[in-house]
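> What follows is a single structure, and I will ask about it in a moment.
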Amino acid sequence: MEHILEVKNVSKMYGTKYVLKNININISKGEIFGFIGPNGAGKSTLMRIITGMTTPSDGQVFICGHSVQKDFEKAISNIGATIENTNLYGYMTAKQNLTYFASLYPNVSKDRVIDTLEIVGLKDRMNEPVKNYSLGMRQKLGLAQAMLHEPQLLVLDEPTNGLDAESVIKLRQILRKLVAEKNIAILLSSHNLSEVEQLCDTVAFVDHGSIIETRTMNKIKQETSNSARFRITLNYPNYSAKMIYLKFNIPVEVAGNSVLVPCQETLLPKIIDALRVRDIQIYAINVETKSLEDVYIDIIKTHNR
Ligand SMILES: Nc1ncnc2c1ncn2[C@@H]1O[C@H](COP(=O)(O)OP(=O)(O)O)[C@@H](O)[C@H]1O
Ligand SMILES: [Mg+2]
């Protein structure tokens, strides 16, 4: 498979401290790759190295086969990025900003500027100076700037920071559409797990400068659905929990007027029958799956063991 981005054995030291330790990542066409971890984990540093803004202490980054460190211009022509505060000019309007950035590329048309503003939902505000923009609007304009020259790889550092819920949904749609229609690759970072969960195909969990685990979202989903449990709301929770435990040998938890039953769904009808036979009133049954957050906590725990 063709890799748009290859990060090979990248490390970074500031002074005597390792901020990144031997990072390896491959991202293919059509893939949305999420880099997740707490503040200070090293996400922005890695993105700065990928985009050539910072040099690694060790290792190399290849974009479409070109080394960012050795063949900067060729490598970087394939990338669009928003990292921390993009260099937007506050006194200029959004349209003027993008027109300026468009002039830096050999073939970005005036129409493309307007189209891009429309894609990110800023067209009706494009003639206002950027200094009047909210954080969320600046984020959108940063994204517009990054995608202006239709790069093969988008690198987005915490792209949902400052966006309201509606804008997050919109951003997700924009990114999905780009990947589906243009077959580009996206690397994004986030400290928000539920966001990553809904957008990424692959996630790398990063902590203290190391990737502690890389998993596909499919694998995570499989894992979380295997760990599903049923919340059954009923009238005699303590009695019911004991009965289910004794009859089916399942460790049941009581939570208020519910019992939490971790079992395969094939067993559920039998449990319901057993409750009904004993005249227990069942008010509701809900499926609860593990969230990415739970998976993350498991991974961190295993790693620190
Ligand atoms: N220019 C720098 N000089 C020294 N330390 C830095 C520099 N940039 C980042 N760091 C340190 O590197 C670590 C990772 O930072 P960063 O990559 O910004 O993390 P994240 O984006 O995951 O929050 C932090 O401990 C930060 O203080
Ligand atoms: Mg950061």
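The values are calculated or read from the model by the stated rules, or taken from the named source; none is laboratory data. All values reported here derive from a predicted model rather than from experimental measurement. Note that each Cβ is placed from the backbone with ideal geometry, even for glycine, and that neighbours are counted across all protein chains shown.
> Mind listing whichever residues of the stretch 85-103 are surrounded by 15 or more Cβ atoms within 10 Å (Cβ to Cβ), among the hydroxyl-bearing types (Ser, Thr, Tyr) and not in a helix (DSSP H, G or I)?
Residues satisfying the conditions are THR86, THR93.
> Out of ASN78, ASN9, I need the residue that is away from ligand 1 (no atom under 16 Å from the Cβ), over 29 Å from ALA180 (Cα atoms) and in the same structural domain as MET126 (by TED's automatic domain parsing). Which one?
ASN9
> When the residues of the stretch 35-84 are narrowed to those that are free of Cβ contacts under 8 Å to residues at least 12 places away in the same chain and not in a loop (DSSP other than H, G, I, E, B), which ends up nearest to GLU6 (Cα to Cα)?
The qualifying residue nearest to GLU6 (Cα to Cα) is SER67.
> Considering every residue within the stretch 23-34, establish whether at least one is in contact (Cβ under 8 Å) with a residue 24 or more places away in the chain, surrounded by 14 or more Cβ atoms within 10 Å (Cβ to Cβ) and under 25 Å from LYS131 (Cα atoms).
Within the stretch 23-34, none of the residues are in contact (Cβ under 8 Å) with a residue 24 or more places away in the chain, surrounded by 14 or more Cβ atoms within 10 Å (Cβ to Cβ) and under 25 Å from LYS131 (Cα atoms).
> Determine, yes or no, whether GLY59 is crowded, with 18+ Cβ neighbours inside 10 Å and either at positive phi or aromatic (Phe, Trp, Tyr) (or both).
It is false that GLY59 is crowded, with 18+ Cβ neighbours inside 10 Å and either at positive phi or aromatic (Phe, Trp, Tyr) (or both).
> Is there a residue being more than 13 Å from VAL155 (Cβ to Cβ) and within 16 Å of ligand 1 (Cβ to nearest atom) anywhere in the stretch 85-107?
Yes - at least one qualifying residue is present in the stretch 85-107.
> Has the stretch 139-156 got at least one residue that is under 12 Å from the mean Cα position of the chain (by Cα) and surrounded by 14 or more Cβ atoms within 10 Å (Cβ to Cβ)?
yes
> Still on this model: If you take the residues of the stretch 157-166 that are at negative phi and surrounded by fewer than 18 Cβ atoms within 10 Å (Cβ to Cβ), which of them is nearest to ligand 1 (Cβ to nearest atom)?
Across the stretch 157-166, the extreme among qualifying residues is ASN161.
> Same structure, new question: Name the residue, out of ILE232, ILE174, ILE220, ILE186, that is at pLDDT 95 or above and over 30 Å from MET13 (Cα atoms).
Answer to the selection: ILE232.
> Also: Which of the helices (runs of 4 or more DSSP H) found entirely inside the stretch 176-284 contain at least 1 residues meeting this: in contact with a Pro (Cβ under 9 Å, 6 or more places away or on another chain) and not assigned by TED's automatic domain parsing to the domain that holds GLY34?
The qualifying helices (runs of 4 or more DSSP H) are 237-248.
> So the check is Cβ under 6 Å with 6+ separation or different chains; which pairs have a first residue in the stretch 158-182 that's farther than 16 Å from GLY30 by Cβ and a second one that's of a type in the set (A, V, I, L, M) and not in a helix (DSSP H, G or I)?
PRO159/LEU188
> Would it be correct to say that ILE300 is outside the structural domain of ILE184 (by TED's automatic domain parsing), aliphatic (A, V, I, L, M) and at pLDDT below 95?
Answer is yes for this residue.
> Follow-up question, since we're still on this one. Take the residues in the stretch 17-61 that are among the basic types (Lys, Arg) and farther than 22 Å from ALA146 by Cβ, then tell me which one is farthest from ligand 1 (Cβ to nearest atom).
Filtering first and then ranking leaves LYS21.
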